[in-house]
Amino acid sequence: MAREPRDRSGDREKDSEFVDRLVHINRVAKVVKGGRRFGFAALVVVGDQKGRVGFGHGKAREVPEAIRKATDAAKRGMIRVALREGRTLHHDVNGRWGAGKVILRAAPQGTGIIAGGPTRAVFEALGMQDVVAKSLGSSNPYNLVRATFNALKNEDSPRSVAARRGLKVSTLQSRRRITDGDAAAAES
């Protein structure tokens, strides 16, 4: 019986609507009378590539069980992120969790995802196509994922800003185009 080659890139598509990315696995050992007992902790990011994303943490004696627990936790705690044109952020935003800090910047079309490790996994699961991210401080994957989520939660869409101010979205968008045009004229 021939087995299919396994894809070890971290992508596993179980449900047709969700993509899950394995970010980190940590092996921990408990020393007992007979030797060591190993346990595993997994950090997983899950998204539908249409603006919803979540992360989860799972611990178990076996790796597959830890990944399953983390995936279930990620699906339970998903957030929705408003994307501009379905590909990038509406504005630049900073996020922080513990000593992990991230700076996320909106990028023009064709830029791609310029981000490292854990932050990149969040963007790929989210379905974001153009973004520039810089992580500062801690490189701990747990803190970076949480800092990225903190930044994404701080992002405002024009629709939410307009609702908060009592304006129409078109009014806000026209003001944005005017300021962008003034900046372009000043550069030339």
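Some points to look at:
- Exactly one residue among A147, A162 is outside any loop (DSSP other than H, G, I, E, B), crowded, with 22+ Cβ neighbours inside 10 Å and either more than 12 Å from the chain's Cα centre (by Cα) or of a type outside the set (D, E, K, R) (or both), and that residue is A147.
- Conditions (1) surrounded by 15 or more Cβ atoms within 10 Å (Cβ to Cβ); (2) over 18 Å from the mean Cα position of the chain (by Cα); (3) among the charged types (D, E, K, R); number of the one not met by E124: (2)
- Applying the set (1) closer than 15 Å to F149 by Cβ; (2) among the small types (G, A, S); (3) at pLDDT 90 or above to A106 leaves exactly one unmet item: (1).
- In segment 99-144, the residues that are touching a Lys or Arg at 6+ places or on another chain (Cβ under 6 Å), part of a loop (DSSP other than H, G, I, E, B) and at positive phi: G127
- For S135: the one exception among (1) within 18 Å of D92 (Cβ to Cβ); (2) of a type outside the set (D, E, K, R); (3) touching a helix residue (DSSP H, G or I) at 6+ places or on another chain (Cβ under 9 Å); (4) modelled with pLDDT under 85: (4)
- Of all the criteria given as (1) in a helix (DSSP H, G or I); (2) of a type outside the set (K, R); (3) in the same structural domain as V161 (by TED's automatic domain parsing), the one not satisfied by H90 is (1).
The values are calculated or read from the model by the stated rules, or taken from the named source; none is laboratory data. Please read all numbers here as calculations on a predicted model, not as lab measurements. Cβ sites come from the backbone with ideal geometry, for glycine too, and all protein chains shown count toward neighbours.
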